[in-house]
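Single-structure report; data block below.
The values are calculated or read from the model by the stated rules, or taken from the named source; none is laboratory data. These numbers come from a predicted model, not from an experiment. For neighbour counting, all protein chains shown are included, and Cβ atoms are generated from backbone atoms with ideal geometry for every residue, glycine included. In case anyone asks, the SASA skips ligands and DNA or RNA and just uses the protein heavy atoms, side chains included. Shrake-Rupley method; radii C 1.70, N 1.55, O 1.52, S 1.80 Å.
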Amino acid sequence: MSTDSQRLPAYLAALAYALIIGFSFLFMKMTIDTAHPLDVLAHRFLLSTIVLGIPILLGWIKVTCTWRDIWRILPLAMLSPILFFAFQAFGLLYASSAEAGIIQATAPIFTLILATYFLKEQSSWIQKGSLLLSVIGVVFIFVMKGGTNFSLSNLGGILLLVGSALCFAGYGVLARPLTKEYNPLQLTWVTMITACVLFNVVALGRHLVLGTMVEYVQPFAEPHYGFALLYLGILSSLGTTLLSSYALSHLEATKMSVFSNFATITSMIAGSVFLHEQLMYYHIIGTTLIILGVLGTNWGKHTQYRSKQMITAKR
């Protein structure tokens, strides 16, 4: 069990994770407008692997992994980043970003179900209600923004996005026990290399078949693409994997997953500051619901436990 002193940095790591993810939507839009989604994924994880690989190869950072360790961590890499980002990228080709936001908001619910079944994590009714409140806050914002009419024409994209949300939930549940055996750097190193190799093989294979190999490097001619890729590769891919691995080593999967809804608040602020989008009343209402939901999910059971302690002491 993690102590309060260990949990505080874990909560800060989870919050930082959500903040980075929130801004990543803005930078992802910049890259997708310039390059094919597969190329973007290949480039960002190649950059992540290089940035982490240099200090490892030079001996500045010690990361030791046996083949047994790699095989154990490999399913984690398949869930996220590989399947999570692949489903998300191709789902957005057929569904709107609003639909993606609503579906992604359900990930903490999937996490709660999976964590209860596989990890035997127990949560109070206050925590369950708070988690649902956070999800409602996200859905409320996207519904009020409009453009969320689910239709059969978007069914393929919606199913892919549901798959993305399930992979996100599965990652949190699978990573939780692995963080007890491996440190964040080990988990990050294996997942980054796996994603780098797979996405680049698929992207280069696609260009080879189409005879468009030059298009693999063409996006780097655009300055804004390189800038966005730095954010996606270093902070959004490498940074969030390290932060989530650390947070999951001290927090239950359900508590960690609900922080992802903070990303909606971050992307909303990013849109207001950088894209000059207007903040409306429903943004404030939704933000309040999200914050209350995150607080209730993470402290509901803790407060209940403290109250029981006080009652026992009085007796």
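From most to least packed by mean Cβ count within 10 Å, the peptides 193-201, 50-58, 107-115 give 107-115, 193-201, 50-58. Each other residue within a Cβ distance under 9 Å of Asp39 adds +1 if Lys or Arg and -1 if Asp or Glu, for a net charge of 0. Calculated from the structure, Rg and Dmax of the Cα atoms in Å equals which of (i) 19.7, 61; (ii) 21.0, 72; (iii) 20.0, 79? So the structure-derived entry is (iii).
A helix-only calculation puts the chain at -24500 deg cm²/dmol for mean residue ellipticity at 222 nm, using -39500 (n - 2.57) for each DSSP H run of at least four residues, averaged over all residues. Each residue of region 127-142 was assigned a 3J(HN,Hα) from its phi angle through the Karplus curve 6.51 cos²θ - 1.76 cosθ + 1.60 (θ = phi - 60°); the sequence is 5, 4, x, 5, 4, 5, 4, 5, 5, 4, x, 5, 4, 4, 4, 5 Hz, with glycine and proline shown as x. Using the Cα gyration tensor of region 161-263, with a ≥ b ≥ c the square roots of its eigenvalues, what is the shape: rounded (a/c below 1.5), prolate (a/b larger than b/c) or oblate (neither)? Judged from the Cα gyration tensor, region 161-263 comes out prolate (a/c at least 1.5, a/b above b/c).
Counting lysine pairs in the chain that sit 8 or more residues apart in sequence, or on different chains, and whose Cα atoms lie under 28 Å apart gives 18.
Just to confirm, what accessible area per residue do you get for region 73-120 at 1.4 Å probe, in whole Å²?
41
Distance from the Cα centroid of region 163-199 to that of region 21-68 is 14 Å (rounded to whole angstrom). Give the carbon-plus-sulfur fraction of the accessible surface of the chain in %, rounded to a whole number; probe 1.4 Å, heavy atoms of protein chains only. On the chain, the fraction of accessible area on carbon and sulfur atoms equals 72 percent. Based on the Kirkwood radius over alpha-carbon pairs, what value in µm²/s does the Stokes-Einstein equation return for the translational diffusion coefficient of region 105-200 at 10 °C and 1.306 mPa s? Estimated via Stokes-Einstein, D reaches 100 µm²/s. Peptides 63-71, 247-255, 231-239 ranked from most to least packed, by the mean per-residue count of other Cβ atoms within 10 Å: 247-255, 231-239, 63-71.
In this simple spin-label approximation, Arg68 and Tyr117 carry label points 7 Å from Cα along the Cα→Cβ vector, and these lie 3.0 nm apart.
Computed from the C-alpha gyration tensor, the three semi-axes of the ellipsoid equivalent to region 69-129 are 25, 22, 6 Å, from longest to shortest.
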